[in-house]
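Chemist: One structure, pasted below without further comment.
The values are calculated or read from the model by the stated rules, or taken from the named source; none is laboratory data. Worth saying up front: this structure is predicted, and the values here are computed from it rather than measured. Methodologically, a virtual Cβ is constructed for each residue, glycine included, from the backbone with ideal geometry; neighbour enumeration extends over all protein chains shown.
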């Protein structure tokens with residue numbers, strides 16, 4: 001969710017630091033106070049193209065900083081997108097910075113890293129949905145409608161879609177193999193010659209895993225032959241030569257042996273000297289044997305160096321290790337076998353393609369049937385909600401198309417939401433018939449019906465109250481409150497019936513500081529909420545009846561929230 005928004009030098013806002021809460025956040029204020037500027041700032045940080053006209057008069061740069069708490073279900077998807085951009089994910093938080101300058105330059109940062117505007121949009125697309133007279137409206141993008149429908153369909157529909165995708169992937173792989181042939185017989189023969197040469201080269205080398213390490217070990221010994229020989233001979237002479245350590249140790253042991261029986265301590269010492277003598281004698285034999293068996297051979301050294309050069313050459317051509325070279329040879333052999341039996345293989349692949357194609361179409365039929373069934377449920381639910389939201393004459397529908405029959409992931413269907421806003425009007429694509437206020441109410445209806453399945457954590461409704469009042473306004477507030485149980489909702493409203501449902505009520509104010517007009521924002525306490533609702537009704541802050549009615553609206557909203565909890 002959007003936890004904090006910092007705005008600097010955007011229009012009338014010189015500096016604003018907004019803390020947003022979970023649940024329903026409501027923004028109210030006088031017309032022209034700057035509510036739309038806050039929405040513009042949100043859109044800017046979500047990836048809207050920034051205009052230098054947004055920069056406050058007299059300033060050279062504007063900046064918006066947004067902090068998102070991504071510790072919820074959206075975390076995995078966001079962290080995956082950040083990883084693909086090479087950006088490290090902070091612990092449960094995403095920080096987005098957007099700057100625009102008077103010269104027309106724009107800068108975007110995700111967790112401190114500069115990114116393109118397209119990358120910013122890709123990451124924020126699933127975090128916030130803004131509904132009103134703005135661009136960030138998923139309802140205006142038909143390609144997103146099928147995702148909304150599938151999510152609403154739940155586990156059974158998603159599982160069927162995965163079956164379709166599994167068959168599609170297998171079919172695509174077979175088609176790829178069929179289409180990977182050569183443009184001519186000459187090219188095929190050249191490929192056969194190359195593969196045969198590569199296989200022979202690796203086989204002739206007779207590589208074995210672990211051989212390279214053994215060669216390097218033997219090379220180290222041969223390269224230090226003189227040093228090894230001197231050490232072995234010198235050590236043997238010092239131990240077992242005339243007047244060597246062994247002779248002296250034997251004399252010492254014999255001397256102590258004469259007194260070993262006089263005390264336990266002398267006996268233990270005698271035993272230790274004997275043990276040391278035999279241990280040292282064994283080492284002397286080993287030095288003598290190693291010295292006698294060690295042989296320096298220039299021919300062997302040359303042979304090993306050439307062998308290592310061959311292995312290095314094959315690794316450079318076919319892989320970074322002996323294992324990789326052998327794996328390359330196996331892969332080349334498999335390709336050679338395929339090419340030499342191309343006609344038989346093609347016949348097998350064609351049969352497999354036909355089988356998978358039939359399976360794909362069968363699974364797509366099942367998927368379409370589930371989608372049609374789900375669309376009927378969605379349509380009935382949304383139309384019921386629209387009646388409650390003051391759009392009794394509107395008809396919402398889901399249109400299905402299979403325009404070209406081309407094979408694709410996620411099935412053959414194309415889905416688009418349709419609307420007839422008034423009686424007698426034909427159904428048309430939603431984006432072409434709905435006004436800003438209507439679109440907000442339609443999205444509110446869809447979000448209410450799909451609250452459990454939709455994955456967008458933050459919803460912003462601007463001008464959702466256009467053209468409504470009275471009981472319809474209360475219904476809109478109730479729906480927003482219901483949606484806010486599962487998502488963070490931010491609503492800009494002029495209606496007290498909607499503002500009464502706020503979990504956090506923020507007042508946007510405009511005032512003069514010196515020669516400048518600036519916008520500020522502050523959360524309202526309980527009494528201040530009543531006074532603000534009274535002001536929205538058109539009454540003064542001291543109008544007793546308006547204050548009383550404001551209190552009744554808030555009490556009624558609180559009762560609804562408690563009853564529907």
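Chemist: Take the residues of the range 83-98 that are under 17 Å from residue 122 (Cβ atoms) and assigned to a strand (DSSP E or B): which is farthest from the chain's Cα centre (by Cα)?
Modeler: 98
Chemist: Enumerate the pairs (first residue in the range 126-137 and on the phi > 0 side of the Ramachandran plot; second residue anywhere and modelled with pLDDT under 80 and surrounded by fewer than 22 Cβ atoms within 10 Å (Cβ to Cβ)) with beta-carbon separation below 7 Å, excluding pairs fewer than 6 apart on the same chain, so at least 6 apart or on different chains.
Modeler: Note: pairs meeting the criteria are 132/436.
Chemist: Here is a further query. Looking only at residues in the range 426-436 that are touching a residue at least 40 places away in the same chain (Cβ under 8 Å) and surrounded by fewer than 21 Cβ atoms within 10 Å (Cβ to Cβ), which one is nearest to residue 502 (Cα to Cα)?
Modeler: 436
Chemist: Taking residue 461 as the residue in question, decide whether it is assigned to a strand (DSSP E or B), under 32 Å from the mean Cα position of the chain (by Cα) and without any contact (Cβ under 8 Å) to a residue 40 or more places away in the chain.
Modeler: So residue 461 fails the test.
Okay, residues lined up against (1) part of a helix (DSSP H, G or I); (2) touching a strand residue (DSSP E or B) at 6+ places or on another chain (Cβ under 6 Å):
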| site | (1), (2) |
| --- | --- |
| 4 | no, yes |
| 18 | no, yes |
| 26 | no, yes |
| 31 | no, no |
| 37 | yes, yes |
| 40 | yes, no |
| 57 | no, no |
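Chemist: For the structure I just gave you, tell me whether residue 557 is assigned to a loop (DSSP other than H, G, I, E, B), in contact (Cβ under 8 Å) with a residue 60 or more places away in the chain and buried (at least 21 other Cβ atoms within 10 Å of the Cβ).
Modeler: Against the criterion (assigned to a loop (DSSP other than H, G, I, E, B), in contact (Cβ under 8 Å) with a residue 60 or more places away in the chain and buried (at least 21 other Cβ atoms within 10 Å of the Cβ)), residue 557 does not qualify.
Chemist: Moving to a separate point now. Yes or no: the range 68-82 includes at least one residue that is modelled with pLDDT of 85 or more, in a strand (DSSP E or B) and either under 16 Å from residue 46 (Cβ atoms) or in contact with a strand residue (DSSP E or B) (Cβ under 9 Å, 6 or more places away or on another chain) (or both).
Modeler: Yes: the range 68-82 contains one or more residues that are modelled with pLDDT of 85 or more, in a strand (DSSP E or B) and either under 16 Å from residue 46 (Cβ atoms) or in contact with a strand residue (DSSP E or B) (Cβ under 9 Å, 6 or more places away or on another chain) (or both).
Chemist: Pairs needed: first member in the range 388-399, at positive phi; second member anywhere, assigned to a loop (DSSP other than H, G, I, E, B) and buried (at least 20 other Cβ atoms within 10 Å of the Cβ); C-beta distance under 7 Å; at least 6 residues apart or different chains.
Modeler: Every condition considered, the pairs that remain are 390/468.
Chemist: Answer yes or no as to whether residue 489 is in contact with a strand residue (DSSP E or B) (Cβ under 6 Å, 6 or more places away or on another chain), closer than 30 Å to residue 56 by Cβ and surrounded by 20 or more Cβ atoms within 10 Å (Cβ to Cβ).
Modeler: yes
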